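Comments concern the structure below.
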Ligand SMILES: Nc1ncnc2c1ncn2[C@@H]1O[C@H](COP(=O)(O)OP(=O)(O)OP(=O)(O)O)[C@@H](O)[C@H]1O
Ligand SMILES: [Mg+2]
């Protein structure tokens with residue numbers, strides 16, 4: 001269970017202060033697969049970065065499985081949270097080989113000692129995992145990751161983020177830089193890994209159809225708050241026009257607020 | 001004809017002797033300069049620290065083996081201080097290196113008690129090794145050849161251990177810390193710790209160079225570290241320019257080859273009549289050449 005309680009975060013740029021998170025609260029049951037949508041600047045990335053410890057919230061709490069992790073250092077959260085960012089370069093080490101990258105991920109949150117990282121047994125296990133991706137990576141264990149395509153790197157990031165399974169998986173538009181065909185393949189792979197591990201997942205996407213299609217919960221963020229949530233059959237019954245209408249309502253409400261301010 | 005041959009032989013002897021002694025320095029700089037991607041100026045203090053600790057202990061009657069080991073540990077400690085200044089006080093890594101380098105100047109003077117310790121009459125690691133060889137019946141004698149042999153053996157061992165380490169679970173985390181710190185932290189690694197380890201190993205190697213050079217040249221001097229980072233970086237860069245960067249083994253081999261080539265060119269420059277004071281100019285030219293070479297090749 002992930003609880004995000006009244007999270008706020010403001011960014012100062014010049015003289016103006018921008019509220020990226022405005023008292024955002026969110027309850028995510030263990031094993032849930034939540035898709036998160038929202039317009040540019042809604043606070044989606046800031047929320048995920050706050051959970052990861054990359055952004056320090058001004059107030060509020062983040063509680064994972066009953067433990068308050070708000071003050072945990074990044075590496076301590078990394079031990080229990082898997083993550084894939086939009087940029088394929090963020091989740092992998094370009095100068096190291098596929099096998100070495102997987103070996104680093106295999107020890108997520110465990111003590112790292114002086115035993116050989118890429119043993120034959122581990123290499124065999126990596127090969128089997130890579131074969132499941134269908135991207136032809138299983139024969140390239142010793143290739144440097146810098147020589148892979150963006151899609152292959154994201155698929156590798158996915159394996160690294162989910163094997164061994166973390167307690168929480170955070171995906172921030174991890175398909176955004178991929179061409180449609182590869183994007184579909186990596187998304188299928190993502191769903192398969194989530195199903196296989198049962199990991200609690202938050203997936204940010206700009207694609208409303210995908211947000212409806214995948215996962216069992218949907219949350220819409222706007223101006224740093226969760227303004228709409230749906231789950232189960234209600235979520236499955238959503239349509240893209242439904243969501244677009246909700247976006248428009250939220251935007252209209254903003255306009256009304258502005259007018260109030262101007263007249264006041 | 002034979003004069004020319006003799007000259008070349010003398011140049012090569014000098015190259016291998018000084019080059020292998022500087023090999024440890026090259027490996028140390030490789031770790032910070034290439035893997036951690038910053039010029040660690042701690043080197044300018046940890047190199048003379050190695051010479052100072054070994055020198056002071058040798059003069060005090062400690063054996064060369066122990067004295068050299070103590071120098072290595074002192075270098076590791078210096079690297080750790082730089083890492084802690086960087087990670088705990090959140091000071092930029094280059095500045096942290098400069099701070100520790102500055103402090104080490106005074107520390108080194110304290111350790112030595114004066115600016116220069118002559119070591120002509122104290123035993124050396126090479127001498128010790130030759131004596132050991134003699135005892136088991138091998139007819140070695142102390143000289144350039146034995147220094148080269150002993151240093152090469154030590155360097156080969158150090159290079160082997162470094163390569164092995166870089167392929168361990170911990171070693172991978174250390175390498176990733178320099179390449180993609182966000183990623184390796186996201187995998188649960190405390191990078192303050194991996195930086196501590198990386199800088200400790202780097203400066204241990206550099207101090208070992210200082211300790212061996214002091215024993216070979218017969219003195220430890222407070223000024224012996226001046227410009228030493230550039231020497232190490234020149235080796236790393238020449239090696240990379242000529243032999244590329246692939247596997248860890250290649251990085252290590254290229255660095256040692258780079259240091260040897262650098263030493264050869266320096267000795268050659270002196271032979272053709274350049275004054276020792278002009279050497280920095282030669283070094284600058286070599287650095288530029290090794291940086292420009294891959295670019296010119298790529299631009300073609
Ligand atoms: N480090 C930062 N410094 C200043 N402002 C920031 C910073 N990070 C985010 N912001 C601002 O906070 C707001 C929310 O940003 P965030 O990245 O969370 O939006 P998002 O919902 O992920 O948008 P997108 O769909 O464009 O990725 C934006 O207005 C952004 O400009
Ligand atoms: Mg974003």
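Of the residues A:99, A:125, the single one that is part of a helix (DSSP H, G or I) and either closer than 24 Å to residue B:194 by Cα or at the interface with another protein chain (Cβ under 9 Å from one of its Cβ atoms) (or both) is A:99.
Tallying residues that are surrounded by 21 or more Cβ atoms within 10 Å (Cβ to Cβ) and more than 16 Å from ligand 1 (Cβ to nearest atom) within the stretch A:165-175 yields 3.
Is it fair to say residue A:62 is away from every other protein chain (no Cβ under 14 Å), within 16 Å of ligand 1 (Cβ to nearest atom) and in contact with a helix residue (DSSP H, G or I) (Cβ under 7 Å, 6 or more places away or on another chain)? In short, yes. Of all residue pairs spaced 6 or more apart or on separate chains, those with beta-carbon atoms under 7 Å, a first member in the stretch B:176-195 that is at the interface with another protein chain (Cβ under 9 Å from one of its Cβ atoms) and at positive phi and a second member that is surrounded by 24 or more Cβ atoms within 10 Å (Cβ to Cβ) and modelled with pLDDT of 95 or more are B:188/A:78.
Of all the listed residues (A:116, A:120, A:83, A:110), the sole one being under 27 Å from residue A:52 (Cβ atoms), surrounded by fewer than 16 Cβ atoms within 10 Å (Cβ to Cβ) and within 14 Å of chain B (Cβ to nearest Cβ) is A:110.
For the stretch A:25-72, a tally of residues being in a strand (DSSP E or B), away from ligand 2 (no atom under 16 Å from the Cβ) and either under 14 Å from the mean Cα position of the chain (by Cα) or over 17 Å from residue A:224 (Cα atoms) (or both) returns 6. Against the condition away from ligand 1 (no atom under 16 Å from the Cβ) and within 15 Å of residue A:36 (Cβ to Cβ), how does residue A:162 come out, does it pass? Against the criterion (away from ligand 1 (no atom under 16 Å from the Cβ) and within 15 Å of residue A:36 (Cβ to Cβ)), residue A:162 does not qualify.
If you go through the stretch A:70-80 and keep only what is within 10 Å of chain B (Cβ to nearest Cβ) and farther than 24 Å from residue A:176 by Cβ, you end up with A:73, A:75, A:76, A:79, A:80. When the criteria are applied in full, residue A:196 fails the requirement of being more than 16 Å from ligand 1 (Cβ to nearest atom), within 14 Å of chain B (Cβ to nearest Cβ) and surrounded by fewer than 16 Cβ atoms within 10 Å (Cβ to Cβ).
Being away from chain B (no Cβ under 14 Å), closer than 30 Å to residue A:53 by Cα, in contact with a helix residue (DSSP H, G or I) (Cβ under 9 Å, 6 or more places away or on another chain) and surrounded by 19 or more Cβ atoms within 10 Å (Cβ to Cβ) is a property that holds for residue A:178. Kindly evaluate residue A:67 against the criterion of being away from every other protein chain (no Cβ under 14 Å) and more than 15 Å from ligand 1 (Cβ to nearest atom). When the stated conditions are applied, residue A:67 passes them.
The values are calculated or read from the model by the stated rules, or taken from the named source; none is laboratory data. Keep in mind the model is a prediction, meaning the values are calculated, not measured. Glycine also receives a Cβ, built like all others from the backbone with ideal geometry; neighbour counts cover every protein chain displayed.
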